[in-house]
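Read the structure below first, then the notes.
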Amino acid sequence: MPDYYFAYGSNMNSARMRARGLAYSHNEPARLANSVLRFNKRAHNKQGVGYANVCYGPGCEVQGVLYELAEGIDIAMMDPYEGTPVRYSRELFEVSVASGSRWAWVYVANSAYIDSSLSVEQAYLEHLLSAGDLLSEDYRQQLQSLAPILASGSQRDDELSLRFNV
């Protein structure tokens, strides 16, 4: 069982991870190749609100935070927060880090919970931006560019997708 978890959404916020009780020894920037960040996963407790999801996107990448878990079985602590196995499934993906690559757990939205008409709350976006220095400047700027779209109230799924080309 891998000892790594790749977070690309609100769990990039290390304070949130500590509050959820996830024990990790180290975190570092990581990238998931051939993926696009979308906000199309329907929230279970807020009507019309979307959370982050990764989708296939050739030539693109999603940046995030790789957590080295204190023990591989600790990932199970995240399942209730992610609604696994109902809302998200937990899958293994190879992610890139500065020193090479690692196999890591990644949560991917289940198709029954995907909706392209959702809004994203500014507070949710702030969790992603809290990763700060673990994201490239370009990626962070692209995330920040979503703020005016959120403020306008006229959000579409294609506007809320982050296609970061490599």
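Read through the labelled values (1) 13.6; (2) 10.6; (3) 8.9 and report the label of the one computed as mean projected area of the Cα convex hull in nm² from the structure.
Comparing each candidate, only (3) matches the computed number.
Hey, fewest Cβ within 10 Å first, where do 77, 17, 12 land in order?
77, 17, 12
Tell me, what HN-Hα J-couplings in whole Hz come from the Karplus equation 6.51 cos²θ - 1.76 cosθ + 1.60 at θ = phi - 60° for each residue of segment 123-136, using x for Gly and Pro?
Per-residue couplings from phi come out as 4, 5, 4, 4, 4, 5, 5, 5, 5, x, 6, 8, 10, 5 Hz.
Using the basic label-point model (7 angstrom from Cα toward the beta carbon), what is the residue 123 to residue 74 distance in nanometres?
Here the answer is 2.7 nm between the modelled labels.
Restricting to the chain, what percent of DSSP beta bridges are antiparallel, rounded to 5?
Approximately 95 percent, going by the DSSP bridge assignments.
Please state the charge dipole magnitude for segment 4-165, taken about the Cα centre, from unit charges on C-beta atoms (+1 on K and R, -1 on D and E), reported in debye and rounded to the nearest 20.
Values: 14 positive and 18 negative charges, 68 e Å.
Taking the Cα centre of segment 4-165 as origin, the dipole is about 320 debye.
Taking the number of other C-beta atoms within 10 Å as the exposure measure, put 114, 75 in order starting with the fewest.
114, 75
Could you derive backbone 3J(HN,Hα) for segment 56-68 from the dihedral phi with the Karplus parameters 6.51, -1.76 and 1.60 (θ = phi - 60°), listing whole Hz in sequence and x where the residue is Gly or Pro?
4, x, x, x, 10, 8, 10, 8, x, 10, 9, 9, 8
So what are the ³J(HN,Hα) numbers for segment 19-25, from phi and the Karplus equation (6.51, -1.76, 1.60; θ = phi - 60°), rounded to whole Hz, Gly and Pro as x?
Rounded to whole hertz, the list is 5, 7, x, 6, 8, 9, 9.
With the dipole of the chain worked out from charges on the C-beta (+1 for Lys and Arg, -1 for Asp and Glu) around the Cα centre, which of 118, 14, 104 lies farthest toward the positive end?
Checked the options; the winner is 118.
Quote the FRET efficiency, to the nearest 0.05, computed for residue 90 versus residue 142 with a Förster distance R0 of 22 Å and r equal to the Cβ-Cβ distance.
Efficiency at R0 = 22 Å is approximately 0.25.
Can you list residues from other chains, or at least 5 along the same chain, whose modelled amide H is less than 5 Å from the amide H of residue 24?
Answer set, sorted by chain and number: 70.
Give the order of 97, 86, 54 when sorted by the count of other beta carbons within 10 angstrom, beginning with the fewest. Walk me through the intermediate numbers first.
On the way: 97 15, 86 11, 54 23.
Result, fewest neighbours first: 86, 97, 54.
Which longest run of the chain has no exposed loop site in it, a site being GluC sites (Glu not before Pro) in a DSSP loop with at most 15 other beta carbons within 10 Å, and the site itself not part of the run?
On the way: sites that count: 71, 121, 159.
Free of exposed loop sites, the longest segment is 1-70.
Report, in deg cm²/dmol and to the nearest 500, the calculated mean residue ellipticity at 222 nm for the chain, where each DSSP H run with n ≥ 4 adds -39500 (n - 2.57) and the sum is divided by the residue count.
Helix contribution divided over all residues of the chain: -5000 deg cm²/dmol.
All of the numbers you see were taken from the coordinates with simple rules; none came from a lab. Computed from a predicted structure; not experimentally measured. Neighbour counts run over all protein chains shown; Cβ positions are idealised from the backbone, glycine included.
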